[in-house]
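FYI, it's all coordinate maths here, none of it is from the lab. If you're wondering where the values come from, they're calculated on a predicted model, not measured in any experiment. For neighbour counting, all protein chains shown are included, and Cβ atoms are generated from backbone atoms with ideal geometry for every residue, glycine included.
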Amino acid sequence: MKILFALAVAMLLPAHAYAAHWKVDYAKSRLGFTAQWSKEPFNAAFKSWKADIDFDPGDLAHARADVTIALASEESDEKDFDEGLKGAIGFAAAQFPIAHFVTTGFDRKSPNDFVAAGKLTIKGVTREVTLPFTLTIEGNVAHMRGTAAVIRTDYGIGEGEWAQPTPVAHEVTVTIDITATRA
């Protein structure tokens, strides 16, 4: 009877109940990207984004991350470029206000090195993305850094004359630097 009760309780628990939940410290975290513009780096960051993260290095089967990014929150040191990037031939932020990344799985490469597989949606287009990252956990604080390469034209970013690889390269490097506390 005790075994049946234990099985019934286990079946009622959500699948991610085993992975630790992390609360992102947005003041110490950054989500941005770099693209080559006329062979010079163009760096930008998103000022508004949310990440829901459950992660335990010892239980990758139950790990998950779900990230939403407010595309209109993009900012760089080039205000003229920002307006164009948020516009119709860029992110089309008025029509597609958010980008969404959700993980589909994790692999461990070494004690502190992982790869997250997931799906990134921008402008209604979804593509598979891999995100290699390093993770250090000290007590209840985690620090994660990673980069993912995406092709901007795969998401319809840059149309017409901007679809060419010059002056803006097709490959964009997404950069993630997150500090979080175990909830």
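Numbers at a glance
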item	result
Taking all pairs of distinct alpha-carbon atoms in segment 32-183, Kirkwood radius in angstrom	16.3
Net charge of neighbours whose Cβ lies under 15 Å from the Cβ of Pro97, counting Lys and Arg as +1 and Asp and Glu as -1	+3
Per-pair calculated FRET efficiency, R0 = 45 Å: Asn140 and Thr166 via Cβ, rounded to 0.05	0.45
19 Å cut-off, amide nitrogen to a point 7 angstrom out along Thr175 Cα→Cβ, residues in segment 35-63	35-50
Given charges at beta-carbon only (K, R positive; D, E negative), |dipole| of segment 15-127 in Debye	220
Two-site FRET efficiency, Asp52 against Ala149, from Cβ-Cβ distance with R₀ of 25 Å, rounded to 0.05	0.55
Whichever lysines have a C-alpha closer than 22 Å to that of Lys123, once near sequence neighbours (fewer than 8 apart) are set aside	Lys47, Lys50, Lys79, Lys86
Zone residues, segment 139-183, relative to Ile89, backbone N less than 18 Å from point 7 Å out along Cα-to-Cβ	152-171
Whichever lysines have a C-alpha closer than 24 Å to that of Lys109, once near sequence neighbours (fewer than 8 apart) are set aside	Lys119
Sites Ala61 and Tyr26 - FRET efficiency at Förster radius 30 Å, r taken between beta-carbons, to 0.05	0.60
Listed peptides 157-169, 82-94 by packing density, highest first (mean Cβ within 10 Å)	82-94, 157-169
Estimated dipole of segment 108-183 in Debye, rounded to 20 [Cβ of Lys and Arg +1, of Asp and Glu -1, Cα centre]	300
Amide N proximity, segment 45-61 versus Arg108 label position 7 Å along Cα-to-Cβ, cut-off under 18 Å	54-61
Extended-chain gain in nm, criterion 0.36 nm per residue less alpha-carbon gap, Ala45 and Lys123	26.3 nm
Charge tally in the Cβ shell below 15 Å around Gly146, where Lys, Arg are +1 and Asp, Glu are -1, Gly146 excluded	+1
